[in-house]
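Laboratory data are not the source of any read-out in this text; all were calculated from the coordinates shown. Every value quoted in this text rests on a predicted model; they were computed, and no experiment measured them.
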Amino acid sequence: MAFTTIVGAARALRDGSVTSVGLAEQVLQRTSMVEAQLHAYLTLDSDGLMEAAARADEELAAGSDRGPLHGIPIAVKDNMTTRHMETTAGSRILSGYVPPYDATAIRRLRDAGALIAGKTNLDEFAMGSSTENSAFGPTRNPWNTDRVPGGSSGGSAAAVAAGMALGGLGSDTGGSIRQPASLCGVVGAKPTYGAVSRYGLIAFASSLDQIGPIAHRVEDAALLLDAISGHDPLDSTSYPGGIEPSGARLGGGLDGVRVGVARRLGGADAVEPDVEAAFDRALAAMEGAGAVTLEVDLPSTEQGLSAYYLIAPAECSANLARFDGVRYGLRVDGATTEQMMSRSRADGFGPEVTRRVLLGTFALSAGYHEAFYGQAQKVRTLIREDFARAYRQCDVLVSPTSATTAFPLGDRTEDPLSMYVSDVFTIPSNLAGHPAISVPVGLDRHDLPIGFQVMAPALEEAVMFQVAAAVESLAGFDTTVPFDPSYGLRGGVR
Ligand code: GLN
């Protein structure tokens, strides 16, 4: 792989050492080598990619430069609508659905000159933490194919990690960008709620869902985020004001930055010793670079997971009501309309989605609404207050991204609760609506990547990326292309 980072490829495109067609060929060649083992893509659009690459080269040659993403192949999670390209959300119920329009984030990527290489695998409707809930089979971790890539954006994280695209988009409702990025040794960011339009993102839990970037480098992720963010009248929750570009303060360093250490965020216990050690090493390095650290406590986040598993299913039960066998995708006929609908949903939804719809319907039903959903909303307010209190003392908060590194396939599928706990560190930022990013900082004893999470107040992406870039360079962890076929199916060890 000659070109792995977006910034590096963009430079090479302009000094003439590579063409966009060359980048696309490189990505397709890598994909043909590893996709059979990894299954990161649900749809690979080889022809579309090559055509778009040729057009990108012509444009550049004619002097029309769309900026740093011009001619760069990107992999997109299959829960964002793509015009003329199948969009399944990892569900049987949407199998074969070809949307007539692009999601706003996709349209903006295309406008910025990026090439959509294909649609990546995910847990059905983004519900899960391992990509094992996909109706189309699991994705495997490029570092070790016996392990999960995390989820639900596991396909995008694996595709980027293995060099099957130079960057990716995921969606994050409770951690689905950051946790797979952590488990696959790449960078993943969830922006402030409202920073990126949700128009065309197939809704899971609308008050929590956000689209965000996955990439090898913090600066690459900032480029992607800046391309897709901005106000969109098609999403009523889209932030109407301007946001400082997330890459504006890269290189700003850590001198005098106040870092709150949220070691037990979400009430996390049982953090793996190697994860804890890597976290402490990164902290010490930050202090060495001038950061001022203080331990902070966010006690209400201990109820974060419980609140999330009421709010997210409640919203999902409403959002998924539209899949009724009439308007989209799968229809299983029945003697009556009701039977048709009930059969279509029973056949179309997998077990986790069914569980969430049932949980959410129950939590919203008469008599229980206040006791469950209402309580959860109150907890959400308390969590916001915890964050506000912490941010009076510090500029950013940090924690591990995930208590464990990539776990074996099948390890958490029998016990939904053990899967839910995977997101204990990531869920609080979704409940608060704040931005958060995961940066790889090292490997554990099994040579599996370890992620470090940086969180910031709403709309403070620029500070968050500044700190993340500093952590990245202090850790000196090379995220580029772990999957080397000469190691067989094991990830490459450096
Ligand atoms: N793992 C969490 C869940 O299953 C979060 C998923 C997500 O962020 N989309 O709900």
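Quick notes on this one:
- With 0.36 nm allotted per residue and the present C-alpha distance subtracted, the residue 47-residue 388 stretch has 117.9 nm of extension available.
- Of the DSSP H helices in the chain, those whose Cα atoms cover at least 15 Å axially and whose Kyte score averages -0.5 or more: 20-38, 46-61, 218-228, 273-288, 304-319, 351-364, 461-475
- Secondary structure note: in the chain, about 65% of the DSSP beta bridges are antiparallel.
- Look at where the Cα atoms of the stretch 231-298 and of the stretch 1-69 average out, and the two centres are 32 Å apart.
- Taking each residue as 0.36 nm, the span from residue 101 to residue 269 lengthens on full extension beyond its C-alpha to C-alpha distance by 56.1 nm.
- For the stretch 1-137, share of DSSP beta bridges that run antiparallel, in % to the nearest 5: 45 percent
- Relative to the current alpha-carbon distance between residue 62 and residue 36, full extension at 0.36 nm per residue lengthens the span by 5.6 nm.
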